[in-house]
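Worksheet: the structure to be examined is printed underneath.
The values are calculated or read from the model by the stated rules, or taken from the named source; none is laboratory data. From a predicted model like this one, the values you see are computed outputs, not experimental measurements. A quick note on method: Cβ atoms are made from the backbone with ideal geometry, for glycine too, and the neighbour counts reach across all protein chains shown.
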Amino acid sequence: MSPEAPPRFEPSSEKVDVLLVDDRPEDLIAMTTILEGPLYTIVTARSGSEALKRLLEQDFAVILVDVLMPTMDGFELAGMIKKRERSRDTPLIFLTAAGSDVGRIYQGYALGAVDYLPKPVDPDVVRAKVAIFAELFRRAKRLEQQAKALREAERRERDLQITELKLAAERRFTNLAEAIPQIVWTTNPQGALQYANRRFVEYTGMDLEAAQGEGWLAAVHPDDAVQCFTCWREAVAKGVLYEGEFRLRRMSDGAYRWHISRAVPERNAEGQIVAWLGTHTDFEDLKQAIRARDEFLSIASHELRTPLTALKLRLQALLYAKGLEEKLEKKLESAARQTQRLERLIDNLLDISRITTGHLELEPEELELAEVAHEVVERLRDEATSVGSQVQFEATSRAGGCWDRLRIEQVVTNLLTNAMKYGEGKPVVVRVSEDERAVEISVRDRGMGIADVDLERIFHQFERATNRRTAGGLGMGLYITRQIVEAHQGQIEVESKVGEGSVFRVRLPK
Ligand code: ADP
């Protein structure tokens, strides 16, 4: 291996600009003559202020400044040059008359000047010094260009990487979409279908071209198509989560099967929707199972009700019989209460099947909420006493409305029996009040309370927050209560703290 050659000073030929500042024209001409040639573009200035003007227009490789000039001398000019950001690093050569003041020369150095040349100048020395600065300038310029080229190359590389990452993400999405058993699809921001996975093609027998835009609607059951499309357009217009249910035709047997469909908007960093990502999931089997369950519930509760009614009547007849032993009477009363509870459970089951089949019908009449509530409280007082709860009733309003009496009774009964069941034997307060918009009934207990995570859940079918088997129940009461309240255009809400109790509020609009 040959040893590396030491770097050599090889002036390149690229022309650079040199500024000459001198008040004497003959000196300017002499200096121009010395430096003239293919290497430099000479710019001259006859005063400090003219030099500053030139420096505003362009950069120079080096500035040669006569120290002795009227108005602004060379040192003053140097001070200005060094103050300006753009020219701060431009090398300066001072030209001094023979026998110049040495103190002034030091002052020049303190300004950061780079060199001195005594006048009259030696042409070779001038050329040699200027050549060095010119070459430094060229190299700095080349370095800057190289750095720029490097930055450019890096930017291109980064762009490439981003594009690759994007492609990889897209590939990932497509692979995932192909791997899952559901139908997966994407649309443009306006909601026109662009992509659907293979499962869609296999399921519907419709090829992608036919499905594009709104073509997919042809696979939706004709009875569901309008509703499905309207819902979808609404979600797209609002830019919110889409959820829908409709029947989709399965090509293999021609059957229309229920699907649940969901889609979310995909947004860019600015929050604009760039696409929609959606799925259709076949839940026909689940739906059939639910239907079978509801049918069973309906039949079972009807069947259970018949013997129960007979039992209730027998117990009542016994209770009305005269001359009963006190002990026996107590037992009969207890049996009557148990049958009442059983009746409520069965009625709840019946209601659930009514609600799921959309048959919860109301028979509204003019009522006073306080009166209905009071009646229920009185009816349940014995039961409350048997679990050790005091029930207090307060009414600050006698407002009424057009409601279904039995259903409103049911709401109060459900809330009150819950307060008794979960109220740990502490006092319960039932209060009826009103404001400008609604009549309100609240039921407050001081019992176990409900954890925040369960507050919403308990209003759903068969959901319970407790796993205490001792507090019997099927998780139907609050679900039915909410359905009844909402059927009356009302609202139900709960506030609760674990260990401190709960308050349920039902508001019925005036
Ligand atoms: P059930 O009482 O038959 O379980 P509900 O639908 O009436 O069904 O109530 C659902 C759940 O809500 C209950 O299981 C219980 O966990 C909770 N809950 C309802 N009311 C109260 C209350 N007053 N205090 C504490 N928990 C309650």
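Out of the stretch 128-149, which residues are among the basic types (Lys, Arg) and more than 16 Å from residue 37 (Cα to Cα)?
Keep residues of the stretch 128-149 that are among the basic types (Lys, Arg), which gives 129, 138-139, 141-142, 148.
Listed by number, the residues that qualify are 138, 139, 141, 142, 148.
Would you point out the residue of the stretch 479-502, among those that are surrounded by 17 or more Cβ atoms within 10 Å (Cβ to Cβ) and closer than 15 Å to residue 360 by Cα, that is farthest from the ligand (Cβ to nearest atom)?
Here the residue is 488.
Please work out which residue is nearest to residue 344 (Cα to Cα), limiting yourself to the stretch 394-406 and to residues that are buried (at least 17 other Cβ atoms within 10 Å of the Cβ) and at pLDDT 95 or above.
404
What strands (runs of 3 or more DSSP E) lie completely within the stretch 362-443 and have 3 or more residues being assigned by TED's automatic domain parsing to the domain that holds residue 496 and within 16 Å of the ligand (Cβ to nearest atom)? Spell out how you get there, then give the answer.
Details: elements: 364-368, 391-395, 400-404, 428-434.
The qualifying strands (runs of 3 or more DSSP E) are 428-434.
Look at residue 463 and say whether it is within 25 Å of residue 508 (Cα to Cα), touching a residue at least 12 places away in the same chain (Cβ under 8 Å), within 8 Å of the ligand (Cβ to nearest atom) and exposed (fewer than 15 other Cβ atoms within 10 Å of the Cβ).
Details: within 25 Å of residue 508 (Cα to Cα): yes; touching a residue at least 12 places away in the same chain (Cβ under 8 Å): yes; within 8 Å of the ligand (Cβ to nearest atom): yes; exposed (fewer than 15 other Cβ atoms within 10 Å of the Cβ): yes.
Yes, satisfied.
Sort out which residues of the stretch 259-307 are of a type outside the set (Gly, Ala, Ser), assigned to a helix (DSSP H, G or I), surrounded by fewer than 12 Cβ atoms within 10 Å (Cβ to Cβ) and under 38 Å from the mean Cα position of the chain (by Cα), and write them in order of number.
285
So if I check each of 473, 449, which one is in contact with a strand residue (DSSP E or B) (Cβ under 6 Å, 6 or more places away or on another chain), more than 15 Å from residue 380 (Cβ to Cβ), assigned to a loop (DSSP other than H, G, I, E, B) and near the ligand (Cβ under 9 Å from one of its atoms)?
Numbers: 473 fails: in contact with a strand residue (DSSP E or B) (Cβ under 6 Å, 6 or more places away or on another chain).
Exactly one of 473, 449 is in contact with a strand residue (DSSP E or B) (Cβ under 6 Å, 6 or more places away or on another chain), more than 15 Å from residue 380 (Cβ to Cβ), assigned to a loop (DSSP other than H, G, I, E, B) and near the ligand (Cβ under 9 Å from one of its atoms), namely 449.
Say whether the condition of being of a type in the set (D, E, K, R) and surrounded by fewer than 16 Cβ atoms within 10 Å (Cβ to Cβ) is met by at least one residue in the stretch 409-417.
Looking only at the stretch 409-417, we keep the residues that are of a type in the set (D, E, K, R), and these are 409.
This time we only want the ones that are surrounded by fewer than 16 Cβ atoms within 10 Å (Cβ to Cβ), so: none.
The answer is no; no qualifying residue exists.
Out of all the residues in the stretch 454-467, is one or more more than 34 Å from the chain's Cα centre (by Cα), more than 30 Å from residue 361 (Cβ to Cβ), polar (S, T, N, Q) and not in a helix (DSSP H, G or I)? Even if it seems obvious, please write down each step before you answer.
As a first pass, look at the stretch 454-467 and keep what is more than 34 Å from the chain's Cα centre (by Cα): 467.
From the residues that got through so far, the ones that are more than 30 Å from residue 361 (Cβ to Cβ) too are 467.
In the following step, the residues that additionally are polar (S, T, N, Q) were identified as 467.
If we keep only those that are not in a helix (DSSP H, G or I) too, we end up with 467.
The answer is yes, given that some residue of the stretch 454-467 is more than 34 Å from the chain's Cα centre (by Cα), more than 30 Å from residue 361 (Cβ to Cβ), polar (S, T, N, Q) and not in a helix (DSSP H, G or I).
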